[in-house]
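Notes to accompany the following structure.
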Amino acid sequence: PGWLLAKFGGELNNIGETTIKHTQYDRANDMVLNYTNGKLHMMSLYGESMGMSPEIVGPIYGHHFTYDTDLKPAQTDNILKDVEFMAWGGSIIHQGGEFHVITADGTTNNQTSPLSAHHFDSDWVYSGTTKLADNGQWSQGVVYDDGLYYVAYHAGDHSQGNVVVAVYDENWKQVTSVQVTQHAPGKGNAFRPWLIKVGSKLYVSYDD
């Protein structure tokens, strides 16, 4: 009937959960979840022509939900129909009075997809898009620290490729990047990366 949002204690014991109901137009997998601006922000891929079929059919939008850390809805869910974008396996961060949704422009098999940051004001009114990379999917890890954004994403075809961590300044201009995994073409797929920063170290996890 929907997604299960759960809360765990320090010993990883379940201390609360709630169900977020989705519609027939929501894609049920690879949703977005980030804690930013003091709230939990969850987003799914939404398309009235898409249904629950395996194919992604446009137009598609982000379906946005906001919860507090007690797992109570913090505002009414909204469909961000000001701009079409692939709210699927991406990430959300609030910085500089804006929300930024980092996600791929497409996820077709055997095809690379550009990576973009879509910008919204604090009321989720769309203000523009910045292209971050020619090739990037599953950008599920994002961190902001001391004037820099760190973004982890998958580079390569949808079904094969590697994890990259790129660094951007406050205007989303790339400063540097590093390829984290070293799969040769056709020899593996490192994808759905996550990213945290602890002190001066970045920790990257991913499916492989």
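Taking the range 78-127 as the range and being over 30 Å from GLY161 (Cα atoms) and free of Cβ contacts under 8 Å to residues at least 24 places away in the same chain as the test, the residues that pass are LYS81, ASP123. Filtering the range 20-61 to residues that are closer than 17 Å to PRO1 by Cβ and not in a strand (DSSP E or B) leaves HIS22, THR23, GLN24, TYR25, ARG27, ALA28, ASN29, MET31, GLY51, MET52.
Screening the range 2-41 for residues that are of a type in the set (Asp, Glu) and over 21 Å from the mean Cα position of the chain (by Cα) and picking the one that is nearest to GLN140 (Cα to Cα) gives GLU17. Could you please find all residues in the range 32-77 being open to solvent by less than 30 Å² (accessible area, probe 1.4 Å) and touching a Lys or Arg at 6+ places or on another chain (Cβ under 8 Å)? SER44, LEU45, TYR46, GLY47, MET50, THR66, TYR67, LEU71 - these are the residues of the range 32-77 that are open to solvent by less than 30 Å² (accessible area, probe 1.4 Å) and touching a Lys or Arg at 6+ places or on another chain (Cβ under 8 Å).
Residues are listed down the side, and each one gets a yes or a no for (1) under 19 Å from the mean Cα position of the chain (by Cα); (2) open to solvent by less than 70 Å² (accessible area, probe 1.4 Å); (3) of a type in the set (S, T, N, Q):
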residue: ASP134; (1), (2), (3): yes, no, no
residue: ASP145; (1), (2), (3): yes, yes, no
residue: ASP157; (1), (2), (3): yes, yes, no
residue: TRP172; (1), (2), (3): yes, yes, no
residue: VAL178; (1), (2), (3): no, no, no
residue: HIS183; (1), (2), (3): no, yes, no
residue: LEU195; (1), (2), (3): yes, yes, no
residue: SER205; (1), (2), (3): yes, yes, yes
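Would you mind stating whether ILE79 is closer than 23 Å to LYS201 by Cβ, part of a strand (DSSP E or B) and among the β-branched types (Val, Ile, Thr)?
Numbers: closer than 23 Å to LYS201 by Cβ: no; part of a strand (DSSP E or B): yes; among the β-branched types (Val, Ile, Thr): yes.
So ILE79 does not fit the description; no.
Just give me the residues in the range 130-179 being part of a loop (DSSP other than H, G, I, E, B) and among the polar types (S, T, N, Q), in sequence order. Once the filter is applied, which keeps residues that are part of a loop (DSSP other than H, G, I, E, B) and among the polar types (S, T, N, Q), the range 130-179 yields ASN135, SER159, GLN160, ASN171.
Within the range 27-52, the set of residues being farther than 16 Å from VAL101 by Cβ and among the charged types (D, E, K, R) comprises just one member, GLU48. Residues of the range 99-127 that are closer than 17 Å to VAL151 by Cα, modelled with pLDDT of 90 or more and crowded, with 16+ Cβ neighbours inside 10 Å: PHE99, HIS100, VAL101, ILE102, THR103, ALA104, LEU115, SER116, ALA117, HIS118, HIS119. Within the range 62-75, residues that are in a strand (DSSP E or B) sit with their Cβ atoms under 7 Å from residues that are among the charged types (D, E, K, R), at 6+ positions apart or across chains, in these pairs: HIS63/ASP26; HIS63/ASP77; HIS64/ASP77; PHE65/ASP77; THR66/LYS39; TYR67/LYS39; ALA74/LYS39; ALA74/ASP68.
The values are calculated or read from the model by the stated rules, or taken from the named source; none is laboratory data. The structure presented is a predicted model; accordingly, all values stated were derived computationally and were not measured. Counting neighbours? That spans all protein chains shown, and the Cβs are built from the backbone with ideal geometry, glycine included. Only protein heavy atoms, including side chains, enter the accessible area calculation; ligands, DNA and RNA are left aside. Shrake-Rupley method; radii C 1.70, N 1.55, O 1.52, S 1.80 Å.
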